[in-house]
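The values are calculated or read from the model by the stated rules, or taken from the named source; none is laboratory data. Predicted, not measured: the structure shown is a model, and the values here were computed from it. Ideal geometry is used to build each Cβ from the backbone, glycine not excepted, and the neighbour counts take in all protein chains shown.
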């Protein structure tokens with residue numbers, strides 16, 4: 001997203017390092033990593049650090065943020081959700097066909113376009129990029145574990161209740177009653193999709209322990 | 001730019017608060033602000049905070065980072081600069097001013113515009129397509145941004161690269177070596193030569209004062 005703020009720290013770097021080692025070990029050719037988990041659990045930060053580490057190691061990684069792929073733009077979303085009810089919150093809110101098209105373009109080393117929300121103007125810009133020469137695609141988002149084609153599906157083991165401080169700091173959304181309902185609903189959907197992942201990150205139990 | 005890391009501090013917020021009245025009291029459609037300063041002086045952070053504050057005032061403002069407009073691709077830039085000599089190669093001529101002015105023109109005329117957008121992770125130049133219709137203001141930030149014609153408010157940050165060395169290492173955007181120091185020294189000379197164009201100065205202590 002354009003103009004987004006990340007809160008980076010050592011746990012994100014440690015997590016990214018562990019993912020990198022696993023990935024370099026097993027990859028052959030174009031490789032897709034998804035990072036899923038509840039709100040403000042560090043998906044974006046881990047994805048960013050992973051991209052950075054890959055760059056240091058001499059690889060090219062492109063990051064896709066699923067928050068850019070909502071059907072309804074950010075400024076209209078709350079009203080839309082209130083109008084359609086809490087069950088409308090979930091995986092169907094995303095333009096999956098756009099993500100899948102980007103994935104196809106990545107695998108075939110083509111030029112590709114994807115939406116990019118500008119958090120200042122509230123508008124949806126578009127980025128056109130060339131996937132030629134790109135080794136890794138890192139896709140982060142609440143429900144990114146749904147992408148079957150991914151080579152590694154990372155899941156961050158935290159719930160939205162544990163990230164309330166980070167949510168307040170990011171100042172992205174106001175934590176009013178409706179927002180809490182949305183978070184609870186997203187939590188249910190994320191937890192129901194959790195079994196689709198194959199690599200679970202737990203920041204809580206010491207930053208060095210990651211299990212596959 | 002994609003994948004940029006901003007380190008926003010209280011001083012950026014305080015300076016932006018003091019700059020805001022200069023914009024609001026002269027408010028008009030298609031108002032242009034420029035922020036110049038040496039590497040690591042906080043141009044992008046200040047622009048970010050300023051755009052956020054303007055949004056709170058109901059003003060749609062888009063930051064434009066002219067670091068996206070280098071003629072020579074990031075991966076080739078070091079070689080090109082070494083080949084052509086730092087004295088001649090580093091400076092105003094490194095930027096694609098034709099495209100900068102074309103995009104500014106798109107902004108003034110409420111058009112859809114395509115701008116270069118560097119991805120710092122892949123080191124590619126992607127293309128960003130945006131609609132300037134409804135965008136009331138832009139903040140042009142970059143080393144030599146206040147050299148741009150048609151700017152309504154020119155802000156100059158007085159910090160030099162000597163003072164900002166620590167911040168640059170933390171940010172990790174560029175490798176720190178002797179060659180880099182030569183580039184910074186040359187950029188420093190060019191930036192300082194633009195001082196007289198400023199409307200507002202931001203001191204090394206991040207205090208705002210009028211130029212005249």
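Scanning the stretch A:153-175 for residues being touching a strand residue (DSSP E or B) at 6+ places or on another chain (Cβ under 8 Å) and either buried (at least 20 other Cβ atoms within 10 Å of the Cβ) or free of Cβ contacts under 8 Å to residues at least 12 places away in the same chain (or both) gives a total of 4. Looking at residue A:11, is it out of contact with any helix residue (DSSP H, G or I) (no Cβ under 7 Å at 6 or more places or on another chain), away from chain B (no Cβ under 14 Å) and either surrounded by fewer than 22 Cβ atoms within 10 Å (Cβ to Cβ) or in a loop (DSSP other than H, G, I, E, B) (or both)? It is true that residue A:11 is out of contact with any helix residue (DSSP H, G or I) (no Cβ under 7 Å at 6 or more places or on another chain), away from chain B (no Cβ under 14 Å) and either surrounded by fewer than 22 Cβ atoms within 10 Å (Cβ to Cβ) or in a loop (DSSP other than H, G, I, E, B) (or both).
For the stretch B:53-63, which positions are surrounded by fewer than 22 Cβ atoms within 10 Å (Cβ to Cβ) and more than 7 Å from every other protein chain (Cβ to nearest Cβ)? If the condition is that a residue be surrounded by fewer than 22 Cβ atoms within 10 Å (Cβ to Cβ) and more than 7 Å from every other protein chain (Cβ to nearest Cβ), then B:53, B:56, B:57, B:58, B:59 are the ones that fit. When you check residue B:50 against the structure, is it surrounded by 21 or more Cβ atoms within 10 Å (Cβ to Cβ) and touching a helix residue (DSSP H, G or I) at 6+ places or on another chain (Cβ under 7 Å), yes or no? Yes: the conditions hold for residue B:50. When residue B:127 is tested against (1) surrounded by 21 or more Cβ atoms within 10 Å (Cβ to Cβ); (2) touching a strand residue (DSSP E or B) at 6+ places or on another chain (Cβ under 8 Å), exactly one condition is not met: (1).
Residues in the stretch B:54-86 that are more than 18 Å from the chain's Cα centre (by Cα), closer than 17 Å to residue B:187 by Cα and part of a loop (DSSP other than H, G, I, E, B): 1 in all. In the stretch A:78-87, the qualifying residues are those that are closer than 21 Å to residue A:117 by Cα and touching a helix residue (DSSP H, G or I) at 6+ places or on another chain (Cβ under 8 Å), and the one that is farthest from the other protein chains (Cβ to nearest Cβ) is A:81. When the stretch B:17-39 is filtered for residues that are more than 16 Å from residue B:152 (Cα to Cα) and surrounded by fewer than 24 Cβ atoms within 10 Å (Cβ to Cβ), the ones remaining, listed by number, are B:17, B:18, B:38, B:39.
Scanning the stretch A:18-73 for residues that are within 12 Å of chain B (Cβ to nearest Cβ), assigned to a helix (DSSP H, G or I) and crowded, with 17+ Cβ neighbours inside 10 Å returns A:44, A:45, A:47, A:48, A:49, A:50, A:51, A:52, A:53, A:54, A:68. With respect to residue A:142, is the statement that it is within 16 Å of residue A:47 (Cβ to Cβ), surrounded by 21 or more Cβ atoms within 10 Å (Cβ to Cβ) and under 18 Å from the mean Cα position of the chain (by Cα) true? So residue A:142 passes the test.
Report whether or not residue B:173 is out of contact with any strand residue (DSSP E or B) (no Cβ under 7 Å at 6 or more places or on another chain), in a loop (DSSP other than H, G, I, E, B) and either modelled with pLDDT under 95 or buried (at least 17 other Cβ atoms within 10 Å of the Cβ) (or both). Yes. The single residue among B:45, B:18 that is outside any loop (DSSP other than H, G, I, E, B) and at pLDDT below 95 turns out to be B:45. The number of residues in the stretch A:103-128 being buried (at least 18 other Cβ atoms within 10 Å of the Cβ), closer than 25 Å to residue A:28 by Cα and in contact with a helix residue (DSSP H, G or I) (Cβ under 9 Å, 6 or more places away or on another chain) comes to 1. Looking at (1) out of contact with any strand residue (DSSP E or B) (no Cβ under 8 Å at 6 or more places or on another chain); (2) within 14 Å of another protein chain (Cβ to nearest Cβ); (3) crowded, with 16+ Cβ neighbours inside 10 Å, which one does residue B:90 not meet, given that it meets all the others? Result: residue B:90 fails condition (2) only.
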